[in-house]
1. Which percentage, to the nearest 5, of the DSSP beta bridges contained in the chain is antiparallel?
2. Would you mind getting me the FRET efficiency between N107 and R391? Use the beta-carbon distance for r and R0 = 45 Å, nearest 0.05.
3. Which of E71, E123, E84 moves the most in a Gaussian network model of the chain with Cα springs under 10 Å?
4. Check which residues have an amide H placed less than 5 Å from F96's amide H, if you skip close sequence neighbours.
5. State the answer as a single residue: which of A136, A103, F188 lies farthest towards the positive end of the charge dipole of the chain, with beta carbon charges of +1 for Lys and Arg and -1 for Asp and Glu, about the Cα centre.
6. What figure in square angstrom, to the nearest 10, would you give for the accessible area of S69 with a 1.4 Å probe?
7. If contacts are Cα pairs under 8 angstrom and at least 6 residues apart, what is the relative contact order of the chain in percent?
8. Could you tell me how far the Cα centroid of the range 256-328 sits from the Cα centroid of the range 18-52, in Å?
Amino acid sequence: MKLTDMEIEGKKVLVRVDYNVPIKNGMVEDDTRLRATVPTINHLLEKNCKVILMSHLGRPKDLLKKGKSVEEMQKELTLRPVAEDLAEILGIDVAFVEDCIDAQIPNENDVVLLENLRFYDEEEKNEIEFAKKLAAHADVYINDAFGACHRDHASVSAITKFLPCGAGFLVEKETKQLSKLLSPERPFVAIVAGAKADKIGALKALADKADKILIAGVLANTFLKAKGIDIGASKFDEETFSAAKEIIGLAGDKLKFPVDCVVADKLENGANTRTVAADSMPEGWMALDIGPETIESYKDELKDAKTVFWAGPLGVFEMEDFSHGTKEIGEFLGNLNATKIAGGGDTGAAINTFNLADRITHVSTGGGASLEFIEKEGKLPALVALEKAYRKAKEE
Ligand code: 3PG
Ligand code: MG
């Protein structure tokens with residue numbers, strides 16, 4: 001249900017947000033995900049609601065596996081710095097509650113943030129009893145955590161069984177924009193790049209949906225290697241290998257690969273660099289950006305597009321020496337008259353670095369979630385749970 005259609009005046013509203021943001025030395029490094037939830041929070045405040053925010057941060061289990069103690073892990077993954085940052089953004093006090101289940105929620109604050117949901121294993125196990133305890137904090141539940149909607153976890157899934165539910169403005173906007181990729185205006189061109197190997201499922205779907213798929217980044221190295229090309233010391237992903245071969249079979253000519261690249265002897269600015277053909281990378285050197293010929297050919301592939309999906313930077317854009325591919329393609333997209341949808345934290349960071357945000361139709365706050373949205377035709381576990389809850393409410 002839409003937030004604007006819900007009866008919420010004066011109610012206690014539990015809002016799941018995705019404040020899984022980078023934190024360094026106790027400071028939020030990128031507050032995009034915080035700012036993205038402000039419209040929902042402000043709307044609730046205007047309706048005199050008490051806003052109880054909850055989120056996960058990081059992956060506690062990974063830190064424990066690395067040998068950290070529970071105390072160290074909790075110190076590293078506390079949401080306290082996020083509460084401080086949010087207070088500055090909203091211009092009002094945000095009370096921080098040190099346990100998402102057990103602590104007392106203060107009466108005097110209109111906005112409170114609960115401690116990291118993943119400090120309880122029950123969250124990721126989607127446990128009913130845990131969801132019930134969370135639900136006990138409030139009268140209404142709003143999901144505004146688009147970035148976490150691909151997870152079948154208690155705070156986005158099981159909880160919908162216990163409270164009247166709705167989607168926040170961010171979830172509404174994200175689903176509306178990303179749905180444009182499911183029935184795209186053609187030609188539909190996807191740029192799939194970046195360092196992470198989590199794009200295989202989406203690539204399989206795009207093999208069918210997109211008219212062209214431009215590959216770059218570490219993903220390109222993986223594909224080139226799968227095609228039997230020597231990629232020197234370039235980074236690639238062993239686990240994606242057989243999937244890459246399968247996608248080549250599925251997508252055929254739609255798939256475009258770099259024809260040249262910038263290689264370096266070290267991963268640092270000022271390293272020795274050369275521009276070489278993609279099929280003759282020198283031994284011991286690594287590809288860190290697409291080359292000028294590839295930039296031109298990718299612009300050519302993009303020029304008539306009516307819909308573009310951009311997932312992942314085309315090189316190591318954080319380093320000036322390897323930023324040209326991402327910058328030039330980004331700027332070309334900025335000037336393109338098409339629906340342009342970008343997803344993922346790194347892509348968002350590149351868009352901000354090159355000041356492109358106001359020329360991209362929509363920059364999703366979800367990385368994995370935007371990819372799975374395409375893969376699953378919009379049927380993300382948390383969105384399905386909301387739909388089920390609406391249907392049930394209607395029947396009653
Ligand atoms: C993300 O940043 O990908 C989301 O917040 C989900 O986090 P997760 O990948 O650890 O589930
Ligand atoms: Mg993720």
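1. 20
2. Computed FRET efficiency for N107 and R391: 0.80.
3. Result for the chain, Cα springs under 10 Å: E71 fluctuates most.
4. Result for F96 returns L113.
5. The listed residue farthest towards the positive side: F188.
6. Near enough 40 Å² of accessible area.
7. Once divided by the residue count of the chain, the mean separation gives 16 percent.
8. Each part reduced to its Cα centre gives a spacing of 35 Å.
The values are calculated or read from the model by the stated rules, or taken from the named source; none is laboratory data. Quantities reported herein were computed from a predicted structural model and do not represent experimental measurements. FYI the Cβ positions are ideal-geometry reconstructions off the backbone, even for glycines, and counts take in every protein chain you see. With ligands, DNA and RNA removed, areas are computed over all heavy atoms of the protein, side chains included. Shrake-Rupley method; radii C 1.70, N 1.55, O 1.52, S 1.80 Å.
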